[in-house]
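Notes for the one structure printed next.
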Amino acid sequence: SDSGANHLVSAPDEYEEVRWTIRHIFRLAQEGVPFHRMAVFYRQQDPYAILLPSQLGLADIPVAGPDPRILRDTPAGRLLVSYLQVIEADLSRDSVMKWLAEAPVNLDTDVGSAQSEGLLWEIISRKAGVVKGIAQWSERIGQHLENLAKEIEEAELREEVSPARLQGLKEEYSSGERLVGFMGNLVDSGQPSEGSSWGSYVKWAKIILKRYAHGLED
């Protein structure tokens, strides 16, 4: 502070140490010291590089400086890394569903929420017996849709199925159609060939983020 006072704090753990630091920053601010005249230094990266910015953000204290997170730990990074894992796994059902569940993927659907659509896609792909490969996504989901169409037609003719059950079948059919379209676009990603320039990969990554990133800033 302006008085030149020094403090030696004995804290039980890193979290309490950071909380004390934040309280001290607030005291300095109340004394009139602007935030841009304050700085927090630490000697070891772990856990302070992540802990300090997160706790300062929760306290609504503005932070300036490099982002301590590596790219793969950001929402955009997780989306890209998981997408590459999907491609490497030959569009395995497990990798696709993990990607949809853990990354901010835009499903480009106006029907319900992306989360509910993703859950329905998991059910449909499991019923269809999809394991991996675009051929299975297309053929097995297509066969499942044919079976659904027959079930819907028979239910409408017999009029023995409850309206709620019939509506559920129709929603599953529509969602399955969207799943087939989504997977068709997924495999046609335009990924650069091996040996391409770094600039080509950067351009491709931006295209993937623009296509699939949900709720991310440009």
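Per-structure values
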{"item": "Selected residue (criterion: farthest from LEU145 (Cα to Cα)) from residues of segment 175-199 that are of a type in the set (S, T, N, Q) and surrounded by 14 or more Cβ atoms within 10 Å (Cβ to Cβ)", "result": "GLN191"}
{"item": "Residue within segment 8-20 that is within 30 Å of MET97 (Cα to Cα) and out of contact with any His (no Cβ under 7 Å at 6 or more places or on another chain) present", "result": "no"}
{"item": "Among (1) surrounded by fewer than 16 Cβ atoms within 10 Å (Cβ to Cβ); (2) modelled with pLDDT of 85 or more - the single one SER95 does not satisfy", "result": "(1)"}
{"item": "Filter result (touching a helix residue (DSSP H, G or I) at 6+ places or on another chain (Cβ under 6 Å) and touching a residue at least 40 places away in the same chain (Cβ under 8 Å)) within segment 173-190", "result": "SER175, GLY176, LEU179, VAL180, MET183, VAL187"}
{"item": "Residue under evaluation ASP13, criteria (1) open to solvent by less than 70 Å² (accessible area, probe 1.4 Å); (2) among the acidic types (Asp, Glu); (3) under 30 Å from VAL180 (Cβ atoms), criterion not met", "result": "(3)"}
{"item": "Residue ID - most open to solvent (accessible area, probe 1.4 Å), chosen from residues in segment 159-174 that are among the polar types (S, T, N, Q) and under 27 Å from SER138 (Cβ atoms)", "result": "GLN167"}
{"item": "In segment 44-97, the residues that are more than 21 Å from the chain's Cα centre (by Cα) and assigned to a loop (DSSP other than H, G, I, E, B)", "result": "GLN44, GLN45, ASP46, PRO47, ALA59, ASP60, ILE61, PRO62, VAL63, ALA64, GLY65, PRO66"}
{"item": "Among residues of segment 131-143, those that are within 23 Å of the chain's Cα centre (by Cα) and not aromatic (Phe, Trp, Tyr), counted", "result": "4"}
{"item": "Test for HIS24: is it surrounded by fewer than 12 Cβ atoms within 10 Å (Cβ to Cβ) and modelled with pLDDT of 85 or more", "result": "no"}
{"item": "Number of positions in segment 50-74 that are out of contact with any Lys or Arg (no Cβ under 8 Å at 6 or more places or on another chain) and open to solvent by less than 60 Å² (accessible area, probe 1.4 Å)", "result": "10"}
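The values are calculated or read from the model by the stated rules, or taken from the named source; none is laboratory data. Keep in mind that this is a model prediction, so the values were computed, not measured. Methodologically, a virtual Cβ is constructed for each residue, glycine included, from the backbone with ideal geometry; neighbour enumeration extends over all protein chains shown. Calculation scope for accessible area: heavy atoms of the full protein, side chains included, ligands and nucleic acids excluded. Shrake-Rupley method; radii C 1.70, N 1.55, O 1.52, S 1.80 Å.
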